[in-house]
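Single-structure report; data block below.
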Protein chains: 2
Amino acid sequence: MEMSVDIRNKFRNTAKMTALSYDNWQIAKARGLVDLFVDTDRVGHSLPGTETKFVNMSSYSYLGLNRHAAIVQGSIDALLDEAITGLAIAPTRMRPALARSAEQGLSNLFDATCVIGLSCSVMTSALLPLVSSGHLVDGLPRVTVFDRHAHFCMEMVKPICADEAPVLVAPHNDIDFLEDICKREDRVAYVADGAYSLGGTTILRDLLYLQDKYGLFLWFDDSHSLSVLGANGEGFVRSQLGEINPLTVISASLNKGFGCSGGVAMLHKGFDTSFFNTTNGGPLTWSQSLTTASLGSIVASIGVHRDGELSELQQNLQRNITVFDEAYPTGLAGGELPIRMVTTGNAETAMDISQRLLKRGFYCAPVYFPITPRGKEGLRVMVRADHRPEDIVAFAEALTEEVGKDVF
Amino acid sequence: MEMSVDIRNKFRNTAKMTALSYDNWQIAKARGLVDLFVDTDRVGHSLPGTETKFVNMSSYSYLGLNRHAAIVQGSIDALLDEAITGLAIAPTRMRPALARSAEQGLSNLFDATCVIGLSCSVMTSALLPLVSSGHLVDGLPRVTVFDRHAHFCMEMVKPICADEAPVLVAPHNDIDFLEDICKREDRVAYVADGAYSLGGTTILRDLLYLQDKYGLFLWFDDSHSLSVLGANGEGFVRSQLGEINPLTVISASLNKGFGCSGGVAMLHKGFDTSFFNTTNGGPLTWSQSLTTASLGSIVASIGVHRDGELSELQQNLQRNITVFDEAYPTGLAGGELPIRMVTTGNAETAMDISQRLLKRGFYCAPVYFPITPRGKEGLRVMVRADHRPEDIVAFAEALTEEVGKDVF
């Protein structure tokens, strides 16, 4: 081979990743903390064939919409109406009229040109390379800078982006690092989460300042705030923008707060989505699209977002977050987003505590490298609107007894 | 940037692809041949708000299972039972017990260790880099050779694979080219379709010979033959193997013949799937997993595959293929796989004919670069078990009148 070994593993190194993380997963599995198969009831889950029952403290269905009767019924009604699991043809050719209703409904709800896909990851793998190649704007490539904490679904696409433009990694939320690049390079894109999966948000105002000053393109994955924040559930980033401008894209999962499955990208209103309905749309065009059932639930969830119920559920969530923060204060206490980190600083300690919590009736996911940086291992708490406040208090008590107070 | 421009666009070049293919898509759109939104009834589709009705001659639901009452009902029953659209937690943490039933059911049906994912593309993006890094075998990288006609879902992953091992492209089904590489390199993997989306198959016997002689790793995407061929619907490649050996993986879509959504990978029986339930599983672990509705349909489709109905549907399909081949012989006539190409050799000609066929009540997708090589443009016919023979005959008559006899 003419290609030398040393230019590989620039973005991805399975051997190294395995060496650094594999044992943790195996230990977690041996302790019954990952790879679980569960039955579900109104309050939580159970392990089939055992007496184990637990409340899930690490589900990202922040408003409880995945159990919302009208949304589940939306799937059922669509299946009854259409009598087909899906059209079984590339979505670039044809999609059910229901897909248009879903896309137009989301566009109206979020006041943007919305495109839907099978998942946020699929959406990202389709669109992020077009950020690097420049085809979401003018077809000229952009140096693409990934925040070091950007989610795995963006991380995965780096080598593909790097075949279109130079790819760099920035320290988390480091505006000076980014501005230096903007000064040096004519055309830059920045790729980040809006709300991060370990809590905290992007530095939106600073980034908008750089966008204004240097023409910086901004890509935000705002999966963890969609439905949770904003009058229409439009999320952390979208709720702070007026119109979405041509240099900004927000992607988000419809599988978290929104209660369904799939992914959505919000683009500026002038964007011609027919560009995606070509080879350039990648997996959005040649891969599977959302099923009849998923489309039915999305249309139903748009309805829930449209009526007064969204605001009520958002208030229930904020109430439950306050209940948790008062019962077990952490470094993220007081924030409106529902993720709280309990840092233990050691993977086995996190797993010990998670295992003891499970015995007490609470599943709280241990997180460790590469989900957290090394030394920042711990437990990830995700508060939901459909948690019973008494369960949150009982969970906080269990945390206090098993961990002690958080030393944030 | 220290990286020079000339090493980019090794695998992907959006600017070039746009220049070569964008106009075709725009013309197809202007002619009403792509980006359609349709309603569905028992016989075919209609365009809402118009009088246009048509039979779909380009759907890959080869056995008609996407409309099978028991499979649609499988989704509905699962939603009624579970009362949740999905668990809303990373699948590496927990999945519904129904996911285990689906995975075990497929493993039994296909006599392999089966893993499921959100789509075949997602499965591919998760597992194919592990072929290159060697982690599906021994953790040592393999020179990864892609057949030039391997489907887009594999093509897309090339830059990711190339960050783990050298990536090469082989002429289609060129066994001599591949053997030369096997002679030169110690460790080689070959990535191909089992049954190709434009008709025809891989050269399985020759590849097994190379595997035997040189230890060649083989990855097949057999999406277009799953359910269509084999006593249990195990597909073109699987039906010709005894046990799947440790140097072979078959991936397939559950969205084509199988009638559902999702993807499946078949691995050898000794494979420890817990390896995927770590960071190494990529999107299989941190992205969305199959919904309650999808899992319910998969379990129901396994039931259809298990009872005598599969064989009856496969026979109906073969009857319909024969009806088409007799009424409109093409170069692929006589083959058991349901794809037939009508080559016109020019994108606009293909679109002209497709448009005239649509006016006569048949949707038959025009295909052009990059779906076909340039000069090989045409129409892709996909025969299904649930076509009415009289519709196939009428379609063949329309083809004859609009195209003339195929000049294969």
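Every read-out reported here was derived from the displayed coordinates using simple, explicitly stated rules and does not represent laboratory data. Nothing here was measured: the structure is a model prediction, and the numbers come from that model. No Cβ is skipped: glycine too gets one built from the backbone with ideal geometry, and neighbour counts run over all protein chains shown.
Pairwise over distinct Cα atoms, reciprocal of the mean inverse distance: report the Kirkwood radius of the range B:227-293 in Å, one decimal place. Mind dumping the intermediate values first?
Numbers: mean 1/r = 0.0738 Å⁻¹.
Mean inverse Cα-Cα distance, inverted, gives 13.6 Å.
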Semi-axes of the equivalent ellipsoid for the range A:140-191, please: Cα gyration tensor eigenvalues, times 5, square-rooted, ordered largest first, whole Å. 17, 15, 6
Please enumerate, by chain and number, the lysines with C-alpha under 21 Å from the C-alpha of residue A:183, excluding those fewer than 8 residues away in the same chain. A:213
Every other copy gets compared here: list the nm distances from the residue A:140 label point (7 Å along Cα to Cβ) to its counterparts, shortest first, one decimal. 4.9
Enter the mean projected area of the convex hull around the alpha-carbon atoms of the protein assembly as shown, in nm², rounded to one decimal. 30.9
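Take the Cβ-Cβ distance between residue B:231 and residue B:19 as r, set R0 to 60 Å, and report the resulting FRET efficiency rounded to the nearest 0.05. Kindly include the intermediate steps, with their values, before the conclusion.
Working: r = 48 Å, r/R0 = 0.79.
With R0 = 60 Å, the Cβ-Cβ based efficiency is 0.80.
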If the cut-off is a Cα-Cα distance under 21 Å, which lysines reach residue A:29, setting aside same-chain residues fewer than 8 apart in sequence? A:16, A:53, A:359, A:376, B:269
FRET efficiency for residue B:50 and residue B:369, Cβ-Cβ distance as r, R0 = 30 Å, nearest 0.05? 0.50
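For the range A:1-91, what does the alpha-carbon gyration tensor say about shape, rounded, prolate or oblate, given a ≥ b ≥ c as the root eigenvalues, a/c under 1.5 as rounded, and a/b over b/c as prolate?
The shape class here is oblate.
Rg(Cα) of the range A:22-178 divided by 2.2 N^0.38 Å?
1.39
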From the phi angles alone, apply the Karplus equation (6.51, -1.76, 1.60; θ = phi - 60°) to the range B:83-89 and give each ³J(HN,Hα) in whole Hz, x where the residue is Gly or Pro. 6, 8, 5, x, 7, 6, 8
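Once you have the alpha carbon radius of gyration of chain A, what is it after dividing by 2.2 N^0.38 Å, with N set to its residue count? Display every interim value, and only then the final one.
Working: Rg = 21.5 Å, N = 408, 2.2 N^0.38 = 21.6 Å.
Dividing the Cα radius of gyration by 2.2 N^0.38 Å gives 1.00.
How large is the convex hull of the Cα atoms of the range A:184-306 per residue, expressed in Å³ as a whole number? Could the numbers behind the result be given before it?
Numbers: hull volume 16.5 nm³, N = 123.
Output value, Cα hull per residue: 134 Å³.
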Cα pair distances of the range A:224-263 binned at 5 Å [whole percent]: 6, 26, 30, 23, 13, 4
Just to be sure I understand the model, the point goes 7 Å from the Cα along the line to the Cβ. What's the resulting residue B:111 to residue B:41 distance in nm? 4.4
Between residue A:30 and residue A:174, the FRET efficiency computed from the C-beta separation at R0 = 30 Å comes out, to the nearest 0.05, as 0.20
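Excluding residue A:198 itself, calculate the net charge of residues whose Cβ lies under 13 Å from the Cβ of residue A:198, where each Lys or Arg counts +1 and each Asp or Glu counts -1.
On the way: positive: A:148, A:340, A:376, A:380; negative: A:147, A:193, A:377.
Computed value for this residue: +1.
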Label 7 Å beyond Cα on the Cβ vector: residue B:389 copy-to-copy distances, nm: 7.1
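Before rounding to the nearest 500, sum -39500 (n - 2.57) across all DSSP H runs of length at least 4 in the protein assembly as shown and divide by the residue total; then give [θ] at 222 nm in deg cm²/dmol.
-12000 deg cm²/dmol
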Answer in debye to the nearest 20: the dipole magnitude of the protein assembly as shown about its Cα centre, from +1 Lys/Arg and -1 Asp/Glu charges placed on Cβ, is 280
If amide H atoms are built 1.01 Å from N in the plane of the peptide, which residues on other chains or at least 5 residues away come under 5 Å of the amide H of residue B:151? B:193
Alpha-carbon centroid distance for the pair the range A:1-79 / the range B:15-51, whole angstrom: 37
Placing +1 at every Lys and Arg Cβ and -1 at every Asp and Glu Cβ, with all other atoms neutral, what dipole size does chain A have around its Cα centre, in debye to the nearest 20? 540
If one computes the Cα centroid of the range A:335-349 and of the range A:127-198, what distance in Å separates the two points? 27
Cα-based Rg of the range B:40-99 per 2.2 N^0.38 Å, rounded to two decimals? 1.62
Between residue B:80 and residue A:69, how many nm apart are label points set 7 Å from Cα along the C-beta direction? 1.6
Copies of residue A:7 compared via label points 7 Å along Cα→Cβ give distances in nm, shortest first, of 0.4
Using alpha carbon centers only, the range B:246-304 is separated from the range A:290-328 by a whole-angstrom value of 30
